[in-house]
Amino acid sequence: MSRILLMDQMHEETLRHALTASGHAIAGETASAHDLPGQAAALHPDAVIVNTASPDHVVLEQLNWLQQHHPCPVVVFSGDGSDEKIHDVVRVGVTSYVVNGFSAWRLNAILNTAIARFNETRELRLELAAMRRQLTAPERLRDKCAHQLLHTLAAERERIHDVGEQSFVTGTIIGFMLGMVSIGVWNFAPL
């Protein structure tokens, strides 16, 4: 099934047994959060399981690093159900946060759900990134700039046409008046 990197600060043998009984392989194991990045880089696990009383700032920092450099599903079993802790683990990319420990009979469902959720979220993030690239692609920006330039030129042409029309009318009137003066029909009286 899945290759798991296990960080078990609670040292629960039943968690290891439940994983192997469910057909998962424990690819690596540590009790320290500081070891997570190195092991994740070396092992490329399918998922990470953290079993801790409460994920402290070191655990959160390492999980955040993990999601930035080697994204994978992360399941955290914890005894801390505070709103603040839940917010913290979601912020660093934990896929599933289970409060009050684990149950061997629920482990497989929790892990499979975390993997499915991670994959779905990854697909959405990839689609979002592709859309952002497409919207900011140089050719798209060139098209947008060209459209804005054409719009500006059209507006300027319209303004010039309006000014030109006014100039034509003014010129026609002045020309008519000068013609009238030249043939003596119209005299300008000095003021």
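Each value in this text was obtained by applying a stated rule to the coordinates, not by laboratory testing. None of these values were measured; they are calculated from a predicted model. In this analysis, Cβ positions are derived from the backbone assuming ideal geometry, glycine residues included, and neighbour counts consider all displayed protein chains.
Remark on region 49-111: hydrodynamic radius 11.7 angstrom, per the Kirkwood mean of 1/r across alpha carbon pairs. Counting beta carbons within 10 Å around each of Leu60, Leu111, Leu6, Leu126 and listing the fewest first gives the order Leu126, Leu60, Leu6, Leu111. With each label modelled as a point 7 angstrom along the Cα→C-beta vector, the His34-Leu124 pair spans 3.6 nm. Positive contributions from Lys and Arg (+1) and negative ones from Asp and Glu (-1), summed over other residues with Cβ under 12 Å from the Cβ of Ala47, come out at +1.
So if each residue of separation counts as 0.36 nm, and I subtract the Cα-Cα distance between Thr14 and Thr152, what length gain in nm does that give?
42.6 nm
Close amide H pairs (under 5 Å, H built 1.01 Å from N) link Glu29 with Leu6, residues at least 5 positions away or on another chain.
A simple count of charges around Leu15, restricted to other residues whose Cβ falls under 15 Å of its Cβ and scoring Lys, Arg +1 and Asp, Glu -1, yields -2. Label positions at Arg133 and His87, each projected 7 Å from the Cα along the C-beta direction, are separated by 3.5 nm. Computed extension gain for Ser103 through Ala21, at 0.36 nm per residue and net of the alpha carbon distance, reaches 28.2 nm.
Our summary gives region 1-110 a relative contact order of 27 percent, counting only alpha carbon pairs under 8 angstrom and 6 or more residues apart. Taking the number of Cβ atoms within 10 Å of each Cβ as an exposure proxy, the fewest-first ranking of Ile4, Ile115 is Ile115, Ile4. Counting neighbouring beta carbons within 10 Å and listing from fewest to most, the residues Arg117, Arg133 come out as Arg133, Arg117. Here the simple spin-label model places points 7 Å from the Cα toward Cβ, and for Met1 and Ala116 these points are separated by 1.4 nm.
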